[in-house]
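Student: Please find one structure pasted underneath; my questions will follow.
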């Protein structure tokens with residue numbers, strides 16, 4: 001299998017479409033769920049953000065130095081693109097007042113328990129992003145703070161609020177569980 | 001106030017998060033959409049097709065074949081020499097373009113600073129409305145510059161931070177509420 005680094009060079013230097021398609025097929029499956037969760041589960045929005053992320057990545061590919069894996073680099077670009085997307089729609093506020101947080105619960109079918117995925121989507125964008133990065137992606141608060149340009153304390157507050165809200169959405173103070181398909 | 005470091009996930013919650021899928025592909029059409037958009041932006045090029053001469057298929061006699069071969073090899077050699085020269089010229093031009101682009105950024109940056117200096121001097125005595133318009137124009141240029149920087153280095157937190165702070169300011173102004181902003185985002 002051709003290493004990512006070689007494919008990146010082929011795209012950056014020659015605009016090689018075959019190399020790009022290989023990179024796309026290798027790494028989009030990792031980027032898409034991250035972006036989808038951050039934009040709140042809207043598939044069309046997530047596809048727009050994935051496209052934007054790839055546009056930015058290819059435009060800046062000659063500056064990919066390989067300090068991190070290509071997937072990590074692409075996901076960082078995807079995170080910025082998702083944040084810009086939310087910001088353009090006036091939905092992004094990384095330091096939103098978590099004590100005044102309003103939670104827009106998506107409708108559920110009668111008697112159906114809310115799925116963890118839907119509960120995450122219902123959270124306000126700022127704390128949702130922190131929850132996704134911390135609890136789903138495994139980032140530390142320091143990494144989240146650096147990526148989002150917020151204080152470590154803010155990241156902790158947002159995570160605390162997001163978990164509390166998710167527990168509420170999932171039924172009182174019960175534990176969060178994921179409904180497996 | 002809660003001690004937020006004590007808010008740990010239960011084992012069941014951790015399991016629920018771990019069960020969430022980390023990989024999923026978007027619709028199949030997206031790949032074509034992205035490739036098409038990259039082509040339009042000139043970021044992906046057409047694949048180069050190498051053509052080979054099929055010598056054995058030339059239906060002519062030995063003498064004619066030898067003549068054609070001689071001609072073709074001369075032609076191919078000439079094309080190779082020309083292509084090599086062209087490639088070198090293109091390489092030089094690209095280097096020159098990059099140097100010119102860098103110099104242009106420096107020149108326009110100095111012009112921008114000079115204009116801001118003039119604005120600072122005029123702000124004390126000129127019509128406040130005109131000064132406000134000039135400031136708005138200056139911020140718009142700064143925003144567009146930050147936008148381009150984010151395009152050049154998408155994962156650079158400094159450029160993203162500048163853009164973010166400018167956006168926050170723009171979103172807070174009545175002008176943006178009236179939809180006057182025309183900056184195109186990438």
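The values are calculated or read from the model by the stated rules, or taken from the named source; none is laboratory data. Small disclaimer: the values here were computed from a predicted structure and weren't measured. We place every Cβ from the backbone using ideal geometry, glycine too, and count neighbours over all the protein chains shown.
Student: Select from the range A:1-10 the residues that are more than 18 Å from residue A:50 (Cα to Cα) and assigned to a helix (DSSP H, G or I) and write down the one among them that is nearest to the other protein chains (Cβ to nearest Cβ).
Tutor: Looking at residues that are more than 18 Å from residue A:50 (Cα to Cα) and assigned to a helix (DSSP H, G or I), I get A:10.
Student: Next question, about the same structure. It is to be established whether one or more residues within the range A:105-117 are modelled with pLDDT under 95 and assigned to a helix (DSSP H, G or I).
Tutor: Checked against the condition, which is being modelled with pLDDT under 95 and assigned to a helix (DSSP H, G or I), the range A:105-117 yields at least one hit.
Student: Taking the conditions exactly as written (more than 7 Å from chain B (Cβ to nearest Cβ), within 21 Å of residue A:144 (Cα to Cα) and at pLDDT 95 or above), does residue A:36 satisfy them or not?
Tutor: Spelling it out, residue A:36 is indeed more than 7 Å from chain B (Cβ to nearest Cβ), within 21 Å of residue A:144 (Cα to Cα) and at pLDDT 95 or above.
Student: Identify the residue in the range A:123-174 that is surrounded by fewer than 16 Cβ atoms within 10 Å (Cβ to Cβ) and within 15 Å of residue B:8 (Cα to Cα) and, among all such residues, is modelled with the lowest pLDDT.
Tutor: Step by step, filter the range A:123-174, then rank; the result is A:173.
Student: Among the numbered criteria (1) in contact with a helix residue (DSSP H, G or I) (Cβ under 7 Å, 6 or more places away or on another chain); (2) modelled with pLDDT of 95 or more; (3) within 11 Å of chain B (Cβ to nearest Cβ), which single criterion is violated by residue A:64?
Tutor: For residue A:64, the failing item is (2).
Student: Of A:54, A:92, which residue is at the interface with another protein chain (Cβ under 10 Å from one of its Cβ atoms), under 16 Å from the mean Cα position of the chain (by Cα), modelled with pLDDT under 95 and crowded, with 16+ Cβ neighbours inside 10 Å? Quick ask: steps written out before the conclusion?
Tutor: Values: A:54 fails: modelled with pLDDT under 95.
It is A:92.
Student: Could you go through the range B:119-128 and let me know if any residue there is closer than 29 Å to residue A:80 by Cα and modelled with pLDDT under 75.
Tutor: no
Student: From A:21, A:30, grab the single residue that is part of a helix (DSSP H, G or I), farther than 18 Å from residue A:126 by Cβ and within 12 Å of the chain's Cα centre (by Cα).
Tutor: On inspection, the qualifying residue turns out to be A:30.
Student: Go through the range A:36-45 residue by residue and tally those that are without any contact (Cβ under 8 Å) to a residue 24 or more places away in the chain and part of a helix (DSSP H, G or I). Give the derivation first.
Tutor: Of the range A:36-45, the ones without any contact (Cβ under 8 Å) to a residue 24 or more places away in the chain are A:36, A:42-44.
Next, only the ones that are part of a helix (DSSP H, G or I) stay: A:36, A:43-44.
Selection size over the range A:36-45: 3.
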